[in-house]
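Please read the structure below before turning to the comments.
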Amino acid sequence: MKGVRHYPGFLSITLLCLVVLYGPLLVVTAYSFNGSTSITQWGGFSLRWYIDVFTGPEAPRFRSAAWNSLTIAIMAAISATMIATAAALAMMRAGRFRGKSLTFALINLPLMVPEIVTAVATLIFFSMIGLTTGYLTILLAHITFCIPFAYLPIAARLQGIDDSYEQAARDLYASRTQSFFLILLPLMAPGVISGFLLAFIISLDDFIITNFVKGAGMETLPTAIFGSVKLGIKPNIMAISTLMLGVSVLFVTLSYLINRKGRQSP
Amino acid sequence: MAFPLLLPTWAMIGIFLLLPVILMAIYSFLTKEFRGGVVWEFSLAAYDQFFVNRGLFGDEPATLEWTYIGIFWRSIWQAIVATTICLLIGFPTAWFIATRAPTTRGVWLFLITIPYWVNLLIRTVSLKFLIRDNGPLNEFLMGLGVIDSPLPLVNTNLAVQLGLFYSYLPFMVLPIYAAVERYDFAYSEAAADLYASRWVIMREIIMPIVKPGIIAGCILVFVPSLGAFLAPDLLGGAKTFMIGSLIEEQFRGSLGNWPFGAAVSMILMSLVLMALLFYARSMAREGTR
């Protein structure tokens, strides 16, 4: 009986939901191809603002901000993924141990503390130990808050893998290291990759914590965009936004496909 | 075996988050230095500034200070409204997705989650671009003849609520979806056989069963909305000043007041902890039932 699942109006609300979620993004994407210098008037299709992003007067600023964002995101995601993989192995495979629930709370702490509070606390900490705010402080803060995002898919994946694979390997005289790298890691790979991708996106996305710990003169893409937007939304900002939107959609799609493939295979 | 594997996690989160939060608690009891930073002298000045009004020159009898409590109250209110809008839109959406065929569900869910992974700043800027006074939305509505003059949306409470809703909607949809997906439709069918109408079934049977998902969704939207910075800062004006901006202001340049910023952060964090405790307790109650 299908009737009890159907509620009138729910389809329209779902469609409304999609319109609200995608509307602003589609409008900005469309206007990023606007040939006019005014953001209100439509001046025909053109790529001039994309060219402006790469060669215009603000190009050097955006280029260095993009470089900082990208390198920080890559390093933060790699570090957070390695740390989270180790943590997931301990949490999922080491049985019960003292402090397990405390460790679980600690892993989830970055998700529970409001971002602005994390930002304040981190700034206070760095200023107290006398570390000059800049690239390094951003990186350390990013690794920390990326850990739970990397941990979640890795732990979920590990939970679904029966430990008989590792036991079989150990029975056949594989060392711990061998059984991890040859057996467990390939099985975990989809979880590890989506953990990495999520951590990467989360790092790239962060504005408020970065804004607190970046120090003077240092910019990442979000802080550079925020600085420009404060003076008004210009067409080149829409071109940059569309480029970043494309990168995000690409990464999420990759993560989705890898996860789906991973679920089908073992 | 567990210890060496967990050491990096303990070290990173312990040193770069737990320790800083403890330090922040200490800072909120220190004396402010004028160029930003603190003097290591115990003081209750930060909390005093928050709660107590002694008049412009500090010589009047102490009364309750309403400025900051007002900002908190406004933030809580904005977060409640945003959570309610998310629930009203998110529940039907989650329900609709969870009742699709298993193969198409994944695609729907994917569509709902993509925007969440798009940079929050970019989403907020996009929304501002769309709803600004001479923006595409107003032009579209005026072109249709629905309105004669542009709707002043930016710098209003509504814009901030819309921004928060737009930022955190997927947080509402996902847990409700998970709850509805586990729901056994045999209950609905049994009730329908006994002549219960659709909406009676929804209210009397489905709602109590999927309640944990609804509470989880509300917490996941409410908590980040409360401390949000981007939506109120970009979409709101002076009249929609929220906690996030109040805290940010205390650390901006040399005009700031670090102990006060730390104290406001402490108060915000206690509110969030209370919301999380409420969540944990209501979940425990659901579990024992």
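The values are calculated or read from the model by the stated rules, or taken from the named source; none is laboratory data. Small disclaimer: the values here were computed from a predicted structure and weren't measured. Cβ sites come from the backbone with ideal geometry, for glycine too, and all protein chains shown count toward neighbours. Surface accessibility is based on the protein's heavy atoms, side chains included, excluding ligands, DNA and RNA. Shrake-Rupley method; radii C 1.70, N 1.55, O 1.52, S 1.80 Å.
Results for (1) under 22 Å from residue A:220 (Cβ atoms); (2) at pLDDT below 95; (3) open to solvent by less than 20 Å² (accessible area, probe 1.4 Å); (4) not basic (Lys, Arg), shown as yes or no for each residue.
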| position | (1), (2), (3), (4) |
| --- | --- |
| A:78 | yes, no, no, yes |
| A:106 | no, yes, no, yes |
| A:109 | no, yes, no, yes |
| A:115 | yes, yes, no, yes |
| A:125 | yes, yes, yes, yes |
| A:132 | yes, yes, no, yes |
| A:143 | yes, no, yes, yes |
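Given B:210, B:200, B:221, which one is modelled with pLDDT of 85 or more and farther than 21 Å from residue B:173 by Cα? Give the steps one after another, and end with the answer.
Details: B:210 fails: farther than 21 Å from residue B:173 by Cα; B:221 fails: farther than 21 Å from residue B:173 by Cα.
Testing whether each residue is modelled with pLDDT of 85 or more and farther than 21 Å from residue B:173 by Cα leaves just B:200.
Within segment B:18-34, identify whether any single residue is open to solvent by less than 50 Å² (accessible area, probe 1.4 Å), part of a loop (DSSP other than H, G, I, E, B) and without any contact (Cβ under 8 Å) to a residue 12 or more places away in the chain, and answer yes or no. Scanning segment B:18-34 turns up no residue that is open to solvent by less than 50 Å² (accessible area, probe 1.4 Å), part of a loop (DSSP other than H, G, I, E, B) and without any contact (Cβ under 8 Å) to a residue 12 or more places away in the chain. For residue A:9, indicate whether it is facing chain B (nearest Cβ under 10 Å), of a type in the set (Gly, Ala, Ser) and either closer than 29 Å to residue B:138 by Cα or open to solvent by 50 Å² or more (accessible area, probe 1.4 Å) (or both). For residue A:9, the condition - facing chain B (nearest Cβ under 10 Å), of a type in the set (Gly, Ala, Ser) and either closer than 29 Å to residue B:138 by Cα or open to solvent by 50 Å² or more (accessible area, probe 1.4 Å) (or both) - is met. For the residues A:205, A:171, A:162, the requirement of being charged (D, E, K, R) and facing another protein chain (nearest Cβ under 9 Å) singles out A:205. Please work out if residue A:214 is of a type in the set (Lys, Arg) and more than 10 Å from chain B (Cβ to nearest Cβ). Taking the combined requirement at face value, the residue satisfies it.
Of the residues examined, residue B:157 is not one that is at pLDDT below 85 and out of contact with any Phe, Trp or Tyr (no Cβ under 6 Å at 6 or more places or on another chain). With respect to residue A:256, determine if the residue is among the aromatic types (Phe, Trp, Tyr) and more than 13 Å from every other protein chain (Cβ to nearest Cβ). Judged against the criteria, residue A:256 is not a match. In the set (1) under 30 Å from residue B:182 (Cα atoms); (2) without any contact (Cβ under 8 Å) to a residue 12 or more places away in the chain, residue B:54 fails one condition alone, (1).
State which residue is surrounded by the fewest Cβ atoms within 10 Å (Cβ to Cβ) when the search covers only segment B:163-183 and only residues that are more than 11 Å from chain A (Cβ to nearest Cβ) and farther than 30 Å from residue B:229 by Cα.
B:182
For segment B:84-121, filtering for residues that are over 22 Å from residue B:223 (Cβ atoms) and among the β-branched types (Val, Ile, Thr) leaves 6.
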